[in-house]
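Take a look at the structure set out below.
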Amino acid sequence: MTDAPRLTRAFFARDALDVARDLIGKRLRHGPVTVEITETEAYRVGDTAAHSRHGKTARNAAVWGPPGGAYVYVCYGIHRMLNLSTNEDGVGACVLVRAARPVAGLDVIAARRGGARGPALLTGPGKVAQALALDLAMNHHDVTAPGGLEALDGPAPAGLLVGPRVGIDYAAPADRDAPWRFALADTPWVSHRRGLTRAPEAAP
């Protein structure tokens, strides 16, 4: 399904929470590598855990749109992280891609990840960015356009897990405990299982 259609800007021009949920099962393609997104976190408007909480800066400008843009930054001076901007243009919200599983280019992914195999390849946001060979030049890149990093449609997940986000102890309690992390159920390709519970099935 690596020839699936690209996601549209309208897909991303929604509340980050909705986009984070709906990104589970979607694909990311960059060159020879395609991965399926298995875990995400939403960072919403007014969220004390979000990079946008102190306003727009040169570093976080990609968060503010347009929707479907890549926000790539370096964490702890080491790991690159991939976020995708959401909501309307000019609104500071995004979704962090926390984990994925390989769809195409497994040998390339393994080489980029130092020969690792199994879920350790892609269960962590820094691992996903490394596997996709993302760098800061990809910041602001439009993932709905052809070429470079592309976001593709994918199969609907059979089940979802939901729970609080990871590593945001600095946030206000309500934001810290908010169930704004989503993961694919019944798969080992998830970075953190603590606090995750199965999401209610959507109404038909």
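The values are calculated or read from the model by the stated rules, or taken from the named source; none is laboratory data. If you're wondering where the values come from, they're calculated on a predicted model, not measured in any experiment. Here the Cβ positions follow ideal geometry from the backbone for every residue, glycine too, while neighbour counts run over all protein chains shown.
Listed values, structure above:
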quantity: Candidate set: the stretch 75-101, residues that are surrounded by fewer than 24 Cβ atoms within 10 Å (Cβ to Cβ) and in contact with a Leu (Cβ under 7 Å, 6 or more places away or on another chain); chosen: the one modelled with the highest pLDDT; calculated: ARG101
quantity: Within the stretch 38-74, considering residues that are farther than 17 Å from HIS141 by Cα, among the charged types (D, E, K, R) and in a loop (DSSP other than H, G, I, E, B), the one modelled with the lowest pLDDT; calculated: LYS56
quantity: Matching residues, the stretch 1-37, being in a loop (DSSP other than H, G, I, E, B) and modelled with pLDDT of 95 or more; calculated: PRO5, LEU7, THR8, ALA13, ARG14, ASP15, LEU23, ILE24, GLY25, LYS26, GLY31, PRO32
quantity: Selection status of ASP22, surrounded by fewer than 23 Cβ atoms within 10 Å (Cβ to Cβ) and more than 13 Å from the chain's Cα centre (by Cα); calculated: no
quantity: Tally, over the stretch 163-172, of residues that are surrounded by fewer than 16 Cβ atoms within 10 Å (Cβ to Cβ) and either touching a residue at least 40 places away in the same chain (Cβ under 8 Å) or within 16 Å of THR38 (Cβ to Cβ) (or both); calculated: 2
quantity: Boolean, ALA50 is in contact with a Ser or Thr (Cβ under 7 Å, 6 or more places away or on another chain), of a type outside the set (Ser, Thr, Tyr) and closer than 22 Å to ALA171 by Cα; calculated: no
quantity: Odd one out for ASP175 among (1) surrounded by fewer than 20 Cβ atoms within 10 Å (Cβ to Cβ); (2) over 24 Å from LEU7 (Cβ atoms); calculated: (1)
quantity: Count of residues meeting criterion [closer than 19 Å to LEU134 by Cα, of a type in the set (S, T, N, Q) and without any contact (Cβ under 8 Å) to a residue 24 or more places away in the chain] in the stretch 43-74; calculated: 0
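Listed here are the residues, each with its yes/no results for (1) at pLDDT below 95; (2) surrounded by 15 or more Cβ atoms within 10 Å (Cβ to Cβ); (3) under 18 Å from THR86 (Cβ atoms).
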residue	(1), (2), (3)
PRO146	no, no, no
GLU150	no, yes, yes
PRO155	yes, no, no
LEU161	no, yes, no
PRO179	no, yes, yes
ALA185	no, yes, no
PRO188	no, no, no
GLY195	yes, no, no
